[in-house]
Amino acid sequence: MEYFAHETAVIDSPVSIGAGTKIWHFSHIMEHCTIGANCNIGQNVVVSPKVVLGDNVKVQNNVSIYSGVICENDVFLGPSMVFTNVTNPRSAVNRRGKYETTLVKKGASIGANATIVCGNNIGQYAFIGAGTVVTKNVKPYALIVGNPGKQIGWMSEYGHRLKFNNKGLATCPESNEDYKLLKGEVSKIIN
């Protein structure tokens, strides 16, 4: 077997799980989902049918990833965060098959106990603070906090808050990579 699954994990079939992935205690991987290479699925995680996780996705303990969620490579899902997949759930109304799509782009981080309301996309390298409730699309590199989530700044690919000068330029203090803020959008400057 190319991946590791703890003996208490439940893995339905068919599924696709990439090499080097680790699935820990009491997690349930449901049928028809795709999990990339070198992922870490923490304890007590539910991955629902047809979920797609890219390579190197880190899922911390007690996370529910419902049908309709797609996470690209290098996404971090913090402890006890949750996705939804129906905007107007009712116990007596069956909305199976009407799940909305939520796309989490490459490198995004979602903090502990955050909630991502379905149908909203999280931009690449966005940073969702602990306990935040995301109710609308999030721009790439955006820092979002609160309930409802509001943007309070920008983050580098290394997870540091960017401080832009009057020319719209900022440098990540860890990577020394440069970023530009132009017309409400951030991009990394490639030299």
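Readers should treat all values here as calculations from the given coordinates under stated rules, not as data from a laboratory. All values reported here derive from a predicted model rather than from experimental measurement. Here the Cβ positions follow ideal geometry from the backbone for every residue, glycine too, while neighbour counts run over all protein chains shown.
Here are the numbers for this structure:
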read-out	value
Model label zone, residue 150; criterion: amide N under 15 Å from point 7 Å along Cα-to-beta-carbon; scope the range 120-138	129, 132-136
Dipole of the chain, positive end: most advanced residue of 24, 39, 52 [Cβ charges, Cα centre]	52
Burial ordering of 182, 143, 53, 103, fewest other beta-carbon atoms within 10 Å first	182, 103, 143, 53
Chain lengthening between residue 182 and residue 96 when straightened (0.36 nm per residue, less Cα-Cα)	26.8 nm
Distance (nanometres) between label positions extended 7 Å along Cα→Cβ at residue 189 and residue 50	4.4
DSSP bridge orientation in the chain - percent antiparallel, rounded to nearest 5	25
Net charge dipole size for the range 29-164 [Lys, Arg +1 and Asp, Glu -1 on Cβ; Debye, nearest 20]	440
Leading residue at positive end of dipole, the chain (Cβ point charges), from 111, 11, 132	132
C-alpha center-to-center spacing [the range 168-191, the range 1-69] in angstrom	34
Cα-projected label distance for residue 32 with residue 4, points at 7 Å along beta-carbon direction, nm	3.1
GNM top mover of 137, 147, 176 - the chain, alpha-carbon springs below 10 Å	176
Proxy reagent accessibility, fewest Cβ within 10 Å first, across 122, 110, 152, 70	152, 70, 122, 110
Matching label, Rg/Rh (Cα atoms, Kirkwood Rh) computed from the structure shown, candidates (1) 1.01; (2) 1.21; (3) 0.98	(1)
Cβ crowding within 10 Å averaged over residues, with 154-161, 3-10, 126-133 ranked highest first	126-133, 154-161, 3-10
